[in-house]
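Written out below as structure tokens is the structure these notes cover.
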Amino acid sequence: MDQRAQDRYKTRSQIVFETLRDEIMLGAILPGTVLDQEEIAARFQVSRIPVREALRMLAMERTVELRPHHRAVVRKFSTAEIEDLFLIRSILEPKAGAMACTHIELADLAILRDLLGRMEPLNRSDDLVQYLQLNRAFHMSIYRLAGSTILETLIAHYIDQSSRFIHIYLKATETFAKAHVDHLEIYRACEARDPIVLAQLIEAHVLQTLAVVHESVFESLRA
């Protein structure tokens, strides 16, 4: 089923929710931004009822905060919360990568190569949204092979929650190139089906992202 067919089965509130959520997670809407209900309703050509429902769903997953007088604000994370997000990722993702190694087939490697090829030329701020989407697909293509639905779901959640900070990492000097080198090394470990090296590379990749985010903007992101 293509995307347009899938969208026909979604409610208006689901479409608004998923679009806003993606924009927040990809850094297109920054922490602290006020989400104006009237502007959102006009943008999606809907009444304020599905907008309010979408904002309620975003609040349930703690992506936005609902404040008096129907105000919704994209939630800021404390430094401790950001550290926790990446710490959890640094534990779960290496484990999933190691588990995936025994299940990697030639077709899986071809998918990873294709994603690498599509990411490589993306190195400008204008490419950020597309890069983050491909980056997520690259990592989840590996973790999905671990064969654990629960682990896959948890990792996807924490990747999505931390995506709003990864754009900061990529805007730092030469980190697009650094990220690509990391991904190549991760791919080679997948190709070698080496669980120990793959786990080490993934852990280092996640912690390096945290280090750059920490250095760049933690002070400005304090709640």
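Derivation of every value follows stated rules applied to the coordinates shown; laboratory data play no part. The structure presented is a predicted model; accordingly, all values stated were derived computationally and were not measured. Neighbour counts are summed over all protein chains in view; Cβ atoms, including those assigned to glycine, are modelled from backbone coordinates with ideal geometry.
Residues in the stretch 70-80 that are part of a helix (DSSP H, G or I) and in contact (Cβ under 8 Å) with a residue 24 or more places away in the chain: THR79 alone. Would you check if there is a residue in the stretch 103-113 being assigned to a loop (DSSP other than H, G, I, E, B), under 19 Å from the mean Cα position of the chain (by Cα) and within 28 Å of CYS190 (Cβ to Cβ)? No, that holds for no residue.
Screening ALA204 against (1) surrounded by fewer than 17 Cβ atoms within 10 Å (Cβ to Cβ); (2) in contact with a Leu (Cβ under 6 Å, 6 or more places away or on another chain) leaves a single unmet condition, (2). Look at (1) within 16 Å of LEU207 (Cα to Cα); (2) surrounded by 15 or more Cβ atoms within 10 Å (Cβ to Cβ) and you find that ILE91 fails only one, number (2). What about ALA107, is it small (Gly, Ala, Ser) and either touching a residue at least 12 places away in the same chain (Cβ under 8 Å) or closer than 23 Å to GLY27 by Cα (or both)? For ALA107, the condition - small (Gly, Ala, Ser) and either touching a residue at least 12 places away in the same chain (Cβ under 8 Å) or closer than 23 Å to GLY27 by Cα (or both) - is not met. Restricting GLU23, GLU53, GLU18, GLU83 to residues that are in contact with a His (Cβ under 9 Å, 6 or more places away or on another chain) and surrounded by 14 or more Cβ atoms within 10 Å (Cβ to Cβ) narrows the list to GLU83. Restricting to the stretch 31-50, and then to whatever is free of Cβ contacts under 8 Å to residues at least 60 places away in the same chain and within 24 Å of ILE159 (Cβ to Cβ), can you tell me which residue is surrounded by the most Cβ atoms within 10 Å (Cβ to Cβ)? Checked the stretch 31-50; the qualifying residue surrounded by the most Cβ atoms within 10 Å (Cβ to Cβ) is LEU35.
Once the stretch 60-80 is narrowed to residues that are β-branched (Val, Ile, Thr) and in contact with a strand residue (DSSP E or B) (Cβ under 6 Å, 6 or more places away or on another chain), the residue that is surrounded by the most Cβ atoms within 10 Å (Cβ to Cβ) is VAL64.
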